[in-house]
Amino acid sequence: MDNKYLSLFNNCVFVNETRNSSLYDFKDGSVYKLDMLNSEVIMLTKKGYSVLEISKKIGMGLNYIMNILNNYVENELGFFSENKLFIEEYKIGNILLNKDISFNPVIYRCFIEISYACGLNCDFCDDEKINQCYLCHKQGEKKINTNGIKKFINFIVNTNCLSLVFHGGDPLLNPELLKEMIKFSRNKGFNGKIFVITNGKNIYKIYDYLEEYHVYYIIPYIDKNYMKSELLSVDEIIDLKNKYNDTIKITKLFTPDSFKLKEEKEIYFDYFSLKNPEIVYDLLKDNKGLGIPKVDANRFYHNKYRHPCLYGNLAIDLLGNIYPCPHMKNDNLGNIDENVIYDIFENKLVEYWNLSLSKLQNCSDCSLKYACTDCRAYEVNKHKEISKKIICPLK
Amino acid sequence: MSRYFTFETKNGNEYIYNDLDGTISPLEISKSKKIEYDCIEEFEKNYNRVMNKGYIANWVNEYYNGNGFKQLNLIITEECNLRCKYCSFSGEYDNMRIHSSNKMSFITARKAVDLYLKHFIKIKRRNLFLKPSVTFFGGEPLLEFELIKNIVEYMKKIYPTEILFSFTTNGTILNKEIINFLIENKFHVVFSLNGDKNEHDRLRVRKNGNGTFDKIYDNFKKIADIDLQYFNENCNVLACYDTGTDMFGLKDFFSNEKKYIPKLSRINKINGSYTNWYSRYSEDQRKQYINSCEVLKNEYFKFLNTSNINEETEFNKYFFEIPLRMLFFRPQNNKQNNPILPFSASCIPGDKISVSTAGKIYCCERVNYTFDIGDVDNGINLENISYMLIKYWDSILKKCFNCPMTRFCTFCYAIFNTKEGFDRDPNNICENKFKKVKEEITDLWGMFEDGLGEKQFVR
C-alpha cells in the first residue's frame, strides 16, 4: 500500500500557478480550486512521487495523505497504481495548428449599431456595465452611415461569420431601417443567426413584420428591487417568451447586489447560453454564485490561446467606425469608408483576439484563467489599460 | 495489424496507443473499455464512395469554395549554378527530373499570378487573416533575379495589401542590388547550409567540384552588414545530413550562436526513397552514424531532465525537440473527417499550387511532373485531380486502413511519387517509420514516467 501512486485521469488537467492551483475535469466541465495542501500533493503526484514519498516530503502522516488522495479516487478524478505511470493531459484536435489564428478563424458575433435612440429612460443606462455588448445603450442622435454599414455587411456575410447582432439604442424604433439592413444581409446570402437587441417594448408591433427573416430578440432584464428601470418586468418577459418561444433571449443585468439573486429561477440567462452551454453557480465551494461557466476541453484550449470574449468579435458603429468590441470605443480600428477591412484583419485584430488571460496582469498567475470570462470593454473603460485586470469575480 | 499498438517503457509499464482517437493510456485502464480497432467496413464504404465517378471532383470543387490556394510556388528555373551531390535533381533519384535550361517566361508567371490571386481573393473572403504567399523555387531561383523582380513588381501593383515573398537559395548569388531588393520586399530567405566548411563542402559543390561554404559565408556577412535586423529576422538556414555526416560536428556548429550564420529553421535527413544514395556508405559508417545519434539522444534526454528547456541549443531544438513535439502534439480526440484523403499527411491538391517553368500546375513543389492538376491557361482541372487521387488510393491508401499509427504519418505524394504513379520505396518504408515512432514514443513516455513534466518538455 505504501508505494501506491496516484494518477489523475487524462480528462483532469491540473493547472498550477504561483497564486493558486486548480483542477479542470473535462468529463463534466467542473473546475476545482485547490487549497495549498491539495495543490502540493497533486503536484508531487504529477512529478511521479508515491504516497509514501509524498507523506515524507510534506511531513504529514501517511494516512492523512491517503485520505486526501482517496478523495480524488472516490470522485473519479484519479486512480491508484503500483507503478509510476504517465497520463497525458487531454488534448483536442491539432493543438499546434489551432494556435495559428489564421487557421480556420470564425467571427462568432458581428455587432452592428444602427440606432442611438431609445424610448425609455432607465436610470442606469449610462453606467458602465460588464458584458454590455448584449445590452442597449441610449445616446444622442447622429445620422447613420447606411452605405458604409451595408458595405461592411456585404463584406462580412461572405466570411465565416456565425451571427449578426443589430443594436442601438432600440433598433425597433425605426423598423424600416432595421428591415432594410436585415433584408440586405439575407439577400447577400447570410444564413447565420440574426439577433436584435431591444428593450422589448415594441416586439409585439414588429414581430410579424420581420418574421420571414428568422430574427432573435435579446431583451435586457434587471431586477427592479435593485435598480430603477423602465425595462420589461419578469411577467412581461415570460409572456413574450410564451408567445414567441425560442426567438426571445434575455440578458440578465447584474448589479453587485443582484449577484445574490441566484435563487431567481424563472428567467433563464440567455446571455450566457449564447456563449456557454451552461452556467454553474456552486462550482467553487468558496466562490458560490459568481458565474463561472463549465469548462470543457474546447473552451479550456480556446481560453489558453485566445481572449475568452474578444475572440470572434467585430463591431461597427453607426458612423462606420470598426472596433474589436461594440463598447471599446477607444480602440477604433478604422472607418469602413477608408477600405480598412484587409488591414484590420491582417494587422490589427489579432492583438485583441489573441489576448489570452495569460497575457494580462493579475491573471497570468491565476490557475482559473482558463475558466474565467472577462469583459475587456469594462476594464478598458474603467482604467484605460488593455492588459490590466481589476475586476476579478474570483478574488 | 490493427488501428492500435502497445508499448512497454523502460520502467516496465505497458501503454496502448489508440489510433482512432489518438490517445495513449495505460494498458490496464484501457482493458476496461471496449474499443473497436478494426475499420475495414468503414474503409470499404469510403473507398467505394471515392471510386464513384465524379465524387472526388465534386468534393474538391466544394472544398475550393472556402479553402485552398494558400500559397503559390513558382518554379522559375530548372537550372542551377551548383551540382550538390544529393540534390533531388542531381540524377540520384529515379523518380525526379534532372537540371535543365528550362526557365519560366514572364507571361507564364503573370498568368500563374493572375490565376492564383483570383482564387486567393475568393478564399480570403472566408478567412480575412490570410495573406497571399509566393515562393520562388528552382534550380537556383536567383539565376532568374530579373524575373523575380518583375513578378514582385507586378503583384504589388495588382494586390492592395501585403504579400509574403520567400525562397530557398544556395546563397552563392547575392550582390548589393539583390540584397536591397530582398530587404525592401521583406523576403523570407532560407539558405541551404549543411554545417561547417568540411561538412558543407562535402556535398554542396559547384559544377567543377569546388565547395561553396566560403562564398555563402561571405554573402551572409554582406547581408548582415547592410541590415543586421533583416538578417536576424528574415534569414534562416536549412541543413541536410546523412550517414556520412559527423553528427557531433553538426551539433557543435549549430549549437553556438554565430554572428554571421542565420538561425536554423530545419534539419532534414537526405531522402532515401527512389535512390541508391545510402549504398555509398559502408556498414561501419552506418554503425558509427547510429552510435553518434544514440549518444546525442542520451545527452539530450539528460539535458531535458536536468536543465532549463529555454537553454536548449538550436541543434537540439530542431534535431530532437521538434520531431518529438510533433509526436506529442499529434491530433487527438477529433474526427479525421476528410473522406477523400483519410490517411497519410497529403494535402488536398490545390491547397497550394506549384507552377512549373512550362506553366503546368502541380500540387506541390516537391512532387515530380507525373500528375499535373491543371495549367495556367485553363486553371485547375478537377478531372486530373480525381485521376491522381484514385491512383493514390489504389497504390497507397488501400493499405493504410489497418495502419496502427495514421495520426503520426508524415508521408505524402512527394515521398511516394514515381514516374508512373505512386508506390512505396523501399517497400517497408511504413514499417520502418512505425518502428521509429514506436521507439520514440517509448523513450518519451519513459522520460515522462521519470518525472519530466509536460511543461518542461514543451516551451
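Since every read-out is calculated from the coordinates, none of them should be taken as a lab result. Being a predicted model, the structure only gives us computed values, none of them experimental. No Cβ is skipped: glycine too gets one built from the backbone with ideal geometry, and neighbour counts run over all protein chains shown.
What to note about this one:
- Largest GNM mean-square fluctuation across A:SER358, A:SER229, A:SER55, computed for chain A with C-alpha springs under 10 Å, falls on A:SER55.
- Student exercise, the protein assembly as shown dipole from Lys, Arg, Asp, Glu Cβ charges, in Debye to nearest 20: 980 debye
- Based on Cα contacts under 8 Å between residues 6+ apart, the stretch B:264-408 shows a relative contact order of 16 percent.
- Each Cα pair under 8 Å and six or more residues apart adds its sequence gap; the mean of these over the residue count of the stretch B:212-307 is a relative contact order of 32 percent.
- DSSP-loop GluC sites (Glu not before Pro) across the stretch B:345-424, with at most 15 other Cβ within 10 angstrom: B:GLU420
- Sparsely packed loop sites in the stretch B:181-230 (the trypsin sites (Lys or Arg not before Pro) outside DSSP H, G, I, E and B with at most 10 other Cβ atoms within 10 Å) comprise B:LYS207.
- Packing-based exposure ordering (other Cβ within 10 Å, fewest first) of B:ARG330, B:ARG3, B:ARG325: B:ARG325, B:ARG3, B:ARG330
- Rounded to the nearest 5, the antiparallel percentage of DSSP beta bridges internal to the protein assembly as shown is 45%.
- Of A:LYS138/A:LYS382; B:LYS352/B:LYS438; A:LYS91/B:LYS131; A:LYS369/B:LYS455, those spanning more than 24 Å from alpha-carbon to alpha-carbon: B:LYS352/B:LYS438; A:LYS91/B:LYS131
- Restricting the stretch A:143-185 to trypsin sites (Lys or Arg not before Pro) that sit in a DSSP loop and have at most 10 other Cβ atoms within 10 Å of their own Cβ leaves A:LYS143.
- The charge dipole of the stretch A:5-81, taken about its Cα centre with unit charges on the Cβ of Lys, Arg, Asp and Glu (plus for the first two, minus for the last two), comes to roughly 260 debye.
- Cα lying deepest toward the dipole's positive end in the protein assembly as shown, options B:GLY91, B:LEU389, B:PHE106, charges on Cβ: B:PHE106
- Aspartates and glutamates whose Cα lies under 15 Å from that of A:LYS33, excluding same-chain neighbours fewer than 8 positions away: A:GLU17, A:ASP25, A:ASP282, A:ASP286, A:ASP365
- Partners for A:LYS46 among aspartates and glutamates (Cα-Cα distance below 12 Å; same-chain residues under 8 apart left out): A:GLU88, A:GLU89, B:GLU449, B:ASP450, B:GLU454
- Among A:PHE152, A:PHE79, A:PHE195: highest mean-square fluctuation, GNM of chain A, C-alpha pairs under 10 Å: A:PHE79
- Legend: distances between Cα atoms for A:LYS47/A:LYS304; B:LYS399/B:LYS436; B:LYS398/B:LYS433; A:LYS359/B:LYS186; B:LYS70/B:LYS221; pairs beyond 25 Å are A:LYS359/B:LYS186; B:LYS70/B:LYS221.
- Length-normalised contact order of chain B in % [C-alpha pairs under 8 Å, at least 6 apart]: 21 percent
- Dipole-positive endmost among A:ILE322, A:SER364, A:VAL350 within the stretch A:299-395 (Cβ charges, Cα centre): A:SER364
- Cα gyration tensor shape of chain B, rounded if a/c is under 1.5, else prolate or oblate by comparing a/b with b/c: oblate
- The lysines within cross-link reach of A:LYS252, meaning a Cα-to-Cα straight distance under 17 Å and a gap of 8 or more places when in the same chain, are A:LYS129, A:LYS201, A:LYS224, A:LYS228, A:LYS241, A:LYS260, A:LYS262, A:LYS265, A:LYS275.
- Averaging Cα coordinates gives a centre for the stretch B:149-209 and one for the stretch A:146-181; these two points are 47 Å apart.
- Between the C-alpha center of the stretch B:47-86 and that of the stretch B:360-404 there is a gap of 7 Å.
- Whether the protein assembly as shown is rounded, prolate or oblate, judged on the alpha carbon gyration tensor where a/c under 1.5 counts as rounded: oblate
- Within chain A, helix-based [θ] at 222 nm, where runs of 4 or more DSSP H residues each add -39,500 (n - 2.57), nearest 500: -7500 deg cm²/dmol
- FRET E, pair B:ILE40, B:LYS149, Förster distance 35 Å, beta-carbon r, rounded to 0.05: 0.05
- Beta bridges by DSSP in chain B, antiparallel share as percent, to the nearest 5: 45 percent
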